[in-house]
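The values are calculated or read from the model by the stated rules, or taken from the named source; none is laboratory data. Source: prediction; values computed, not measured. Cβ: placed from backbone, ideal geometry, glycine included. Neighbour counts: every protein chain shown.
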Amino acid sequence: MRTRLDSDDRLLQATSLTISVRCYESRIGRINVQHSNVLVNHTEILWTKSDDVDYESIGNLDYPFRLTLPVSVEGFSTAVFVDYRCVWRVEAGVYFILCNCMR
């Protein structure tokens, strides 16, 4: 995972960075998704703030990772039918503090 600053070079006030592999199943209606369920959620924390602070600043950094799913994982392979889908996704998460700070 790589974090990059925007053009304003303002640091992000974050509490943690995570990477996840998830398997979703969805029932599809005529117009949209009627029901979605997470079958597998394997998440690892790449970085977390120190315990003695509310948040820490992060900027341009690289967070290497390797995810290994257990052999007995419960998810299915990818499947697509008329009204049912099963897909795997790799998702990155940045958890941060929202504030009313003006610079």
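Considering VAL21, VAL38, the condition of being out of contact with any helix residue (DSSP H, G or I) (no Cβ under 6 Å at 6 or more places or on another chain) and in contact (Cβ under 8 Å) with a residue 24 or more places away in the chain is satisfied by VAL21 alone. Any residue in region 81-101 that is at pLDDT 85 or above sitting within a Cβ distance under 6 Å of a residue that is of a type in the set (A, V, I, L, M, F, W, C) and not in a strand (DSSP E or B)? List the pairs, counting only those 6 or more apart or interchain. Cβ pairs passing all conditions: CYS86/PHE76; ALA92/MET1. Take the conditions surrounded by 11 or more Cβ atoms within 10 Å (Cβ to Cβ), under 22 Å from TYR95 (Cβ atoms) and modelled with pLDDT of 85 or more and apply them to SER16. Does it pass? Yes; evaluated as a whole, the condition is true for this residue. Residues that are under 15 Å from the mean Cα position of the chain (by Cα) and of a type in the set (Gly, Ala, Ser) within region 8-55 comprise ALA14, SER16, SER20, listed in sequence order.
Flag set for ASP52, criterion: at pLDDT 90 or above and outside any strand (DSSP E or B).
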